[in-house]
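A.B. asks: Structure provided below as structure tokens; questions to follow.
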Amino acid sequence: MERLRNTDIKYLKGVGPKRGELLTKQLGIHTCADLLRHYPDHYVDRSKIYRIADFCDEMPALQVKGRFVSFATQGEGAKMRLIGLFTDGTKAMEVVWFKRIKAIRDSYLPGTEYILFGKPSEFNGRWSMVHPEIDRAASPNLATGLRGVYPLTETLRNRNITSRSIYNMVCALLPRCADIADPLPAEIRSQLRLMSLGDALRAVHAPANNDELQRARLRLKFEELLYLQLNILRYCRERSEAIPGFRFSRIGEYFNRFYNECLPFELTGAQKRVIKEIRRDVGTGKQMNRLLQGDVGSGKTLVALLCMLMALDNGTQACLMAPTEILATQHFDTISSLAAKIGVNIKLLTGSTPKKERDLIHSALADGSLHILIGTHAVIEDSVQFRNLGFVVIDEQHRFGVAQRARLWKKNSVAPHILVMTATPIPRTLAMTVYGDLDVSVIDELPPGRKPVHTMLRYEESRMQVYRAIGAQLKQGRQAYIVYPLISENEKTDLKSLEEGYEHIREMFPSYRVAYVHGRMKPAEKDAQMNLFASGEARILVATTVIEVGVNVPNASVMLIENAERFGLSQLHQLRGRVGRGADQSYCVLMSKAKIAKDTRRRLEVMTSTTDGFVVAEADLKMRGPGDLEGTLQSGMAVDLRIASLATDGQIVQLARDCATKILDYDPTLSSPGLYGVRKEMALMFDKSHDWSRIS
Ligand code: ADP
Ligand code: MG
């Protein structure tokens, strides 16, 4: 590999300086080694020939075999295109070129048999293919079996660098794969029965068959994930050694009094288990960094409160941070009333806390008389100094990155324990990577007596029926949310649709008061409207997704989501979580325009088929890929995975994690000679993210 890594791509046979530069700029391929690591993103079966007569919607790129009947140009100047009429005997289609018209016209002859490879598309009942790959049917070099299709850019295509050209370049390198030294220790390879790197690279580009391809991909994915896990775990270990934590050795007065006298209901089994996990963590003397996943309504707040009381019992202060003012206020109200009887001093700090109040809070924090601080980002400002902060709860973690958490650690000479809570459940394997520096606890049980929310997908034409059903719920004394999409709170048109919606709803339900909130309102106005709804005075709340997180009105039994097709699955799930909080049956209606793409419908149907947040999250990942979540990953453990997918390769992530743990147990610094290759590959992979490991 070393030699390939030192060979500039332009020196490869058939590349040269010009194409070399293009490959570098467009695909980040600098060296021959980079080219070998540029994997096909899918494969097509070149042994199969399709019939044009059998074409149907949404076919992938495929092969047809036949002859050109005629060529003709259409349009002029820059708009000129060349159209070849091509038939395979079952039906004719058009082959279209926008570029290199003259050259193409000269190279293909009517009457000669060709094999075309491209993606068919249909317009007005006619099939066509744009810029297909073309081979003479009689060509000796014709690919058979599986052929990789390489990711390309538009610029490369325009410069006539095709998937086929990449393949040809790669082929020039394949004979050298045999000499590539394997960075993975032989023991690991033989234990997991992995292919050698050289074999895997050859097979991933030119697989003999599907079985070989799968084995090659497994090997390459495993390797990539192993480096990722090693990097994460090494960081965690370094941190836990460098940063001591509070040892909470006792359960005392606050916790016990609350538990015995104030607990409004029996904890669920899952809540108890999680509290035990946390107790064990905070008793070790190491700083805890734990992610608490629990579906909406699973009762995370109570767990948070019990943990904070544990901190107070051990002579420290606690703090809870929420992403929005509404949520922070709500937490403050809930927690204050839960803990009213046990004499804990709790205060709320947000951006709109008046200066005078703020000063009081600052001094009470500093002298230790304030026990629990609840608030928004305002609590991590530098001016906020605690006497002795021992425990921090962060609600809805996805808005707080590693760096922000690190700021919290510095609030004290001893780093406080940190519990991040999320209602966006993500599969464990993904959690262990994206939030790889966190231990994970899961509340996988809802409090007893909840009825699953009945979810349905409805189209515009049944709007009146939906309104009648909502009317029936209102008549029974229940309340309804009606949510409009607001992609950006600044978009005037969106706001307009919300305002119109509000007027419309008032007309449709004239006998009920309708409250109205969106993110651009002044906090006071917003609170007033929210309170109208929370108190039951307003029976309908027309809103944007500002109500997505946390709002708790158990009497609400209907969630109507307008333009549901514009929401992501996890957002829909969050919204749905606003209802079903009481003992009665609740409903969630996804209203969508009738004409939606198949994928969109499938997405919405996930919602109607399950209320389990983890199932929703898995489905979301599979359909959409881990997008946002990998965005979170960017905040630190940033790497572009070339072949593995956090969304679908969960089992391999687990394998890699286990293997990484074993390696680090045996050699925490990866300095033994047997790990030279691993160290080297990791250095290459993580070069950019060095500063990250120094955040703490
Ligand atoms: P989330 O996990 O979404 O933050 P909350 O903490 O807001 O959930 O709890 C949702 C609702 O369930 C609240 O009204 C809370 O009082 C109630 N709750 C929490 N734990 C239990 C329990 N063990 N038994 C019954 N109700 C519970
Ligand atoms: Mg909550």
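A.B. asks: It is to be established whether one or more residues within the stretch 593-615 are within 16 Å of ligand 2 (Cβ to nearest atom) and out of contact with any Gly (no Cβ under 9 Å at 6 or more places or on another chain).
C.D. replies: To start, the set of residues in the stretch 593-615 that are within 16 Å of ligand 2 (Cβ to nearest atom) comprises 613.
Now narrow it down to the ones that are out of contact with any Gly (no Cβ under 9 Å at 6 or more places or on another chain): none.
Scanning the stretch 593-615, I find no residue that is within 16 Å of ligand 2 (Cβ to nearest atom) and out of contact with any Gly (no Cβ under 9 Å at 6 or more places or on another chain), so the answer is no.
A.B. asks: Could I ask something else about it? Across the stretch 548-570, which residue is nearest to ligand 2 (Cβ to nearest atom) among those that are among the aliphatic types (A, V, I, L, M) and over 16 Å from Pro485 (Cα atoms)?
C.D. replies: Our first condition is that a residue be among the aliphatic types (A, V, I, L, M); within the stretch 548-570, this holds for 549, 551, 553, 556, 558-561, 564, 569.
Pick out the ones that are also over 16 Å from Pro485 (Cα atoms) and you get 551, 553, 556, 558.
On the way: Val551: 9, Val553: 13, Ala556: 16, Val558: 21 Å.
Among those that are among the aliphatic types (A, V, I, L, M) and over 16 Å from Pro485 (Cα atoms), it is Val551.
A.B. asks: Would it be correct to say that Arg219 is in a helix (DSSP H, G or I), free of Cβ contacts under 8 Å to residues at least 24 places away in the same chain and in contact with a Ser or Thr (Cβ under 9 Å, 6 or more places away or on another chain)?
C.D. replies: Here the answer is no, as Arg219 does not meet what is asked.
A.B. asks: Going by what's in this entry, would Glu2 be described as modelled with pLDDT under 95, at positive phi and acidic (Asp, Glu)?
C.D. replies: no
A.B. asks: Applying the selection to the stretch 571-592, what residues are away from ligand 2 (no atom under 16 Å from the Cβ) and in contact with a strand residue (DSSP E or B) (Cβ under 7 Å, 6 or more places away or on another chain)?
C.D. replies: Of everything in the stretch 571-592, those that are away from ligand 2 (no atom under 16 Å from the Cβ) and in contact with a strand residue (DSSP E or B) (Cβ under 7 Å, 6 or more places away or on another chain) turn out to be Leu572, Asp584, Gln585, Ser586, Tyr587, Cys588, Val589, Leu590, Met591, Ser592.
A.B. asks: In this structure, is Leu292 outside any helix (DSSP H, G or I) and within 19 Å of Ile374 (Cα to Cα)? Explain how you work it out, then say what you get.
C.D. replies: Numbers: outside any helix (DSSP H, G or I): yes; within 19 Å of Ile374 (Cα to Cα): yes.
Yes.
A.B. asks: Still on this structure, please answer the following. Mind listing just one residue for me: the one in the stretch 330-344 that is over 22 Å from Glu253 (Cα atoms) and at pLDDT 90 or above and, of those, nearest to ligand 1 (Cβ to nearest atom)?
C.D. replies: His331
A.B. asks: Take the residues in the stretch 331-345 that are within 13 Å of ligand 2 (Cβ to nearest atom) and surrounded by fewer than 21 Cβ atoms within 10 Å (Cβ to Cβ), then tell me which one is nearest to Leu365 (Cα to Cα).
C.D. replies: Asp333
A.B. asks: On the basis of being under 30 Å from Arg576 (Cβ atoms) and either of a type in the set (Lys, Arg) or away from ligand 2 (no atom under 16 Å from the Cβ) (or both), does Arg280 make the cut?
C.D. replies: For Arg280, the condition - under 30 Å from Arg576 (Cβ atoms) and either of a type in the set (Lys, Arg) or away from ligand 2 (no atom under 16 Å from the Cβ) (or both) - is not met.
A.B. asks: Another question, if that's okay. With the requirement that a residue be in a helix (DSSP H, G or I), modelled with pLDDT of 85 or more and farther than 21 Å from Ser196 by Cβ, what does the stretch 669-694 give you?
C.D. replies: Ala683
A.B. asks: Please enumerate the residues belonging to the stretch 290-312 that are within 11 Å of ligand 1 (Cβ to nearest atom) and small (Gly, Ala, Ser).
C.D. replies: Hits for the stretch 290-312 are Gly294, Gly297, Ser298, Gly299, Ala304.
Conditions tested, residue by residue: (1) within 16 Å of ligand 1 (Cβ to nearest atom); (2) modelled with pLDDT of 90 or more; (3) within 31 Å of the chain's Cα centre (by Cα).
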position	(1), (2), (3)
Asp437	no, no, yes
Thr455	no, yes, yes
Val466	no, yes, no
Leu474	no, yes, no
Arg478	no, yes, no
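A.B. asks: Which is surrounded by 16 or more Cβ atoms within 10 Å (Cβ to Cβ) and either within 13 Å of ligand 1 (Cβ to nearest atom) or at negative phi (or both), of Lys276, Lys272, Lys286? Full working, then the answer.
C.D. replies: Working: Lys276 fails: surrounded by 16 or more Cβ atoms within 10 Å (Cβ to Cβ); Lys272 fails: surrounded by 16 or more Cβ atoms within 10 Å (Cβ to Cβ).
Every option except Lys286 fails the conditions.
A.B. asks: Go through the stretch 294-325 and give me each residue that's more than 12 Å from ligand 2 (Cβ to nearest atom), touching a helix residue (DSSP H, G or I) at 6+ places or on another chain (Cβ under 7 Å) and either at pLDDT below 90 or on the phi > 0 side of the Ramachandran plot (or both).
C.D. replies: Answer for the stretch 294-325, where residues must be more than 12 Å from ligand 2 (Cβ to nearest atom), touching a helix residue (DSSP H, G or I) at 6+ places or on another chain (Cβ under 7 Å) and either at pLDDT below 90 or on the phi > 0 side of the Ramachandran plot (or both): just Glu325.
A.B. asks: Right, here's the next one. Taking Gly245 as the residue in question, decide whether it is within 16 Å of ligand 1 (Cβ to nearest atom) and touching a Pro at 6+ places or on another chain (Cβ under 9 Å).
C.D. replies: no
A.B. asks: Follow-up question, since we're still on this one. May I ask you to list the residues in the stretch 568-615 that are among the hydrophobic types (A, V, I, L, M, F, W, C) and either assigned to a helix (DSSP H, G or I) or without any contact (Cβ under 8 Å) to a residue 60 or more places away in the chain (or both)?
C.D. replies: Listed by number, the residues that qualify are Leu569, Leu572, Leu575, Ile596, Ala597, Leu604, Val606, Met607, Phe614, Val615.
A.B. asks: List the pairs whose first member sits in the stretch 419-444 and is without any contact (Cβ under 8 Å) to a residue 24 or more places away in the chain, whose second member is more than 12 Å from ligand 1 (Cβ to nearest atom), and whose Cβ atoms are under 6 Å apart, counting only residues at least 6 apart or on separate chains?
C.D. replies: Here the result reads none, with nothing in the stretch 419-444 linked to a residue that is more than 12 Å from ligand 1 (Cβ to nearest atom).
A.B. asks: Further question on the same structure: Which one is farthest from ligand 1 (Cβ to nearest atom) among residues in the stretch 313-329 that are surrounded by fewer than 22 Cβ atoms within 10 Å (Cβ to Cβ) and under 15 Å from Val282 (Cβ atoms)?
C.D. replies: Ranking the candidates gives Gly315 first.
A.B. asks: Looking at the stretch 239-277, which of the residues that are aromatic (Phe, Trp, Tyr) and part of a helix (DSSP H, G or I) is nearest to Leu419 (Cα to Cα)?
C.D. replies: Phe255
A.B. asks: Within the stretch 436-466, count every residue that is among the charged types (D, E, K, R), exposed (fewer than 15 other Cβ atoms within 10 Å of the Cβ) and in a loop (DSSP other than H, G, I, E, B).
C.D. replies: So the count comes out to 1.
A.B. asks: Here is a further query. Among the residues of the stretch 243-259, write down those that are of a type in the set (Gly, Ala, Ser) and farther than 23 Å from Lys411 by Cα.
C.D. replies: Gly252
A.B. asks: Also: Identify, from the list Val393, Val344, Val379, the residue that is in contact (Cβ under 8 Å) with a residue 24 or more places away in the chain, more than 22 Å from Arg247 (Cα to Cα) and among the hydrophobic types (A, V, I, L, M, F, W, C).
C.D. replies: Step by step, each of Val393, Val344, Val379 is checked, and only Val379 is in contact (Cβ under 8 Å) with a residue 24 or more places away in the chain, more than 22 Å from Arg247 (Cα to Cα) and among the hydrophobic types (A, V, I, L, M, F, W, C).
A.B. asks: Can you name the helices (runs of 4 or more DSSP H) wholly within the stretch 93-189 that have at least 1 residues being in contact with a helix residue (DSSP H, G or I) (Cβ under 7 Å, 6 or more places away or on another chain) and closer than 29 Å to Gly77 by Cα?
C.D. replies: Fully inside the stretch 93-189 and qualifying: 154-158.
A.B. asks: For the stretch 387-396, give me the residue count where each residue is away from ligand 2 (no atom under 12 Å from the Cβ) and surrounded by 21 or more Cβ atoms within 10 Å (Cβ to Cβ). Show your work before the answer.
C.D. replies: From the stretch 387-396, those away from ligand 2 (no atom under 12 Å from the Cβ) are 387-392; that's our starting set.
Subsequent filtering for residues that are surrounded by 21 or more Cβ atoms within 10 Å (Cβ to Cβ) retains 389-392.
Looking only at that region, the number is 4.
The values are calculated or read from the model by the stated rules, or taken from the named source; none is laboratory data. Here the structure is a predicted model, which is why all the values come from computation and not from measurement. Note that we place each Cβ from the backbone using ideal geometry, even for glycine, and neighbour counts take in every protein chain shown.
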